[in-house]
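Take a look at the structure set out below.
The values are calculated or read from the model by the stated rules, or taken from the named source; none is laboratory data. Source: prediction; values computed, not measured. Methodologically, a virtual Cβ is constructed for each residue, glycine included, from the backbone with ideal geometry; neighbour enumeration extends over all protein chains shown. SASA here: full protein model, heavy atoms, side chains in, ligands and nucleic acids out. Shrake-Rupley method; radii C 1.70, N 1.55, O 1.52, S 1.80 Å.
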Amino acid sequence: MCLVLAAGDAEAYIGPGAGISFLQGLWIALVGVMWSVVAIIRLPFKLLIRAFGGRKAALVLVGLGLLGWFIHEYKSQAAPERVSGGRTIVLGFDGMDPQLAQQWMNEGLMPNFTQLAESGGFQTLATSNPAQSPVAWSGFATGTGPGEHGIFDFLRRSTDTYLPDFSISEIQPTKYTIDLFGLQIPTDGGEVINRRIGEPFWLTAEKMGINAVVLRVPVTYPPDPVYHMLSGMGVPDLLGSQGTYSIFTTERLDNTGNRRIQRVIPNQKGLVETALSGPDDPLSEGNVLVQPFSIEPAPRGVQISINGKSFGLTEGQWSDWVGVSFKILGPLRTSGMVRFLLLQSYPVLKLYVSPIHIDPNDPAIPISSPPTYAAELADKIGLYHTIGMPEETWSLNEDQISDEAYLEVIRTTVAEREAMWYATLEAHDAELAVAVFVQVDRVSHMFYRGLDKEHPLYGQTGEKARGAVQWIYQEADRVLGETLKRMDQKDQLIVLSDHGFAPFRKVVHLNRWLAEAGYLVFKPGEQATDALFGGVDWAQTKAYALGLNGIFINQQGREPKGSVSVHETAALKAEIIEQLVSVTDPETGDSVIRQVFDRNDIYSGLAVGEAPDLVIGYEKNYRASWQTTLGGAPQELLEDNHQKWSGDHCIDPSLVPGVLFTSFPLAREVENIRGIPELILGLLETRDGG
Ligand SMILES: [Zn+2]
């Protein structure tokens, strides 16, 4: 990842593994900047004097100055301009399920949704294939299918190594370096690219002269150059990961999953002096930057001292945002922010530290458009979570935090999104306003065990946790009510979700099925693996599963050790499909897989080559195991799902459609989430009084 090195007011981007001393950097920068400034300032004067002679040139300069002043005055009065015509307002609730919404509307628990459905319209909205958020929201943005927009799954496979890779954004290292004084100095900052291809409708709208504000829509990192955008799913933490948390504990814990465990030993007075690990040190390969801090006993918990601040925490309490600053060299540093949660106090100490968020007031990477917008929002509403998936879902799933601590984060992130959304609606400077709230999805994933009486964890789920999904739907209803209050008569509202939800009772180790059917082959003596295709004999392997819904054929000329020729591929795919749809659960006799799709039947477009060869449509109650997504093949085909992640939607898309509500009647039903841009652009073209 790239880091901003801040030296006083000067800022420079530096890529991974770069090495340069502060003084050398400053010297090069100062000389370069002074020379360029002098040259740039002198050039127009020289040209003017040559064209007009000395006196006329002076008059032209005065005229240009006056013109500049007029333009400046006109612009500062013109912006932000209050929108006079009707606005198009788009409110997304990731994961809102039509059946659950209908049930709670019928019970009178979602009065604002009921009113919207009665005064405008309500339909189910078909999702993408596969029914995954990044895939569906990319279709929402671009109006195209995965074959065109290029996002097929959370994970993609590297064609060089077979290994999984994050499919939404990509961090490319610096391309060019120069060798100076024996140091490799990067001349570009490396690059982060959004893998989504195609034009999102907010860019089309801006081309029509319409101001768009887009808040936290998934797969919008890095931000698109629109009037105002705050990026959503895809924004990394300061480590460049999608959310690595830390735990400081006196216990011995495994350093696995999405966490960094630091074992600490208090001194006789209970004082712990330790350090939070940050990003890689750009000047010293193999080392990480650190932020030292201390923990000591306090009357009702602990006292934490970090980065010039000191505060107390009691058990179960989250801290406010705490700024952390990782020193690189001299005054050079990169900064972020974290929240602490005291899980357990002395004598067995357990302190949780959230992933290191990009600080909106001092962003180490741009997370908004324009880049200053993130700080403007923080000025208005205070500090807020910035990483793409901030809901602490991994730490709850790995049983490190409690249900209550998780729901507290949900309440905080809902409040943050509300504050920025209402500020946008009240500012009245956008003709198109779009926001996505993801908390319905997150709470449904983690608390479906409270709705589904057949789930292995239902019996262990407390009363409050059983009501969590209903609570978050009521929260969505409240947000809708507040949105309606901030709308004018001419404004038009679209409320939608990207997919619905289903129970997730059993995990499917799909690579185990491939191994038992002889398509995935292990080397002699190797039988199973938890991840990353350990022990797989690629020369003998014909197919492998990776990601939440994909199977890839180990094709010659495409895969590094491909064993299946191109002309054998179609027959092999047909053979696998036929067998997979007849897989049943030996305990219940239920079918496990409803449909398997050949990519050539469901996708078209230039990106199809990136797609899995087969896309698996699981039945309700089943989903690919976490091990499968990462190339693992444990011993059994099916296992009970004992994790809190108990609801899901990465199954046959026909089973998990989303919702669409409109404040106006629709001439005809919208067939699919891909149809939303056409609907929105149609409204913008015909809006009243614009
Ligand atoms: Zn989800």
- Message: Over the stretch 481-612, what is the relative contact order in percent, taking alpha-carbon pairs closer than 8 angstrom and at least six residues apart?
- Response: 12
- Query: How big is the shadow of the Cα convex hull of the stretch 322-362, averaged over all directions, in nm²?
  - Reply: 3.8
- Item | the stretch 539-690: translational diffusion in µm²/s, Stokes-Einstein, Kirkwood Rh over Cα pairs, 37 °C, 0.692 mPa s | 178
- On the formula 1/(1 + (r/R0)^6), with r taken between the Cβ atoms of Glu639 and Lys207 and R0 of 35 Å, the FRET efficiency rounded to 0.05 is 0.10
- Item | 5 Å binning of all Cα-Cα separations within the stretch 434-475, expressed as whole percents from 0 upward | 5, 26, 30, 19, 10, 5, 2, 2
- Along the stretch 575-584, what does the Karplus equation 6.51 cos²θ - 1.76 cosθ + 1.60 (θ = phi - 60°) give for ³J(HN,Hα), rounded to whole Hz, x for Gly and Pro? 4, 5, 4, 4, 6, 5, 6, 9, 5, 10
- Message: Please compute one quarter of the surface area of the Cα convex hull for the stretch 320-416 and express it in square nanometres.
- Response: 7.8
- Burial-style ranking of 362-371, 496-505, 517-526, average other-beta-carbon count within 10 Å with highest first, yields 496-505, 362-371, 517-526
- Task: Sort the following peptides by mean Cβ neighbour count (other Cβ atoms within 10 Å, averaged over residues), highest first: 584-595, 324-335, 653-664, 429-440.
- Result: 429-440, 653-664, 324-335, 584-595
- Task: Quote to one decimal, in nm, the extra length available between Lys327 and Arg558 on full extension: 0.36 nm per residue of separation minus the C-alpha distance between them.
- Result: 78.8 nm
- Task: Quantify, in whole percent, the carbon and sulfur part of the accessible surface of the stretch 622-664 (1.4 Å probe; protein heavy atoms only).
- Result: 54
- Message: Take Ala570 and Lys523, extend 7 Å from each Cα along the Cα→Cβ direction, and tell me the distance between the two endpoints in nm.
- Response: 3.6
- Query: What does the highest-first list of 470-479, 451-460, 134-143 look like by mean Cβ count within 10 Å?
  - Reply: 134-143, 470-479, 451-460
- Expressed as a whole number of Å, what is the distance separating the alpha-carbon centroids of the stretch 640-669 and the stretch 411-488? 15
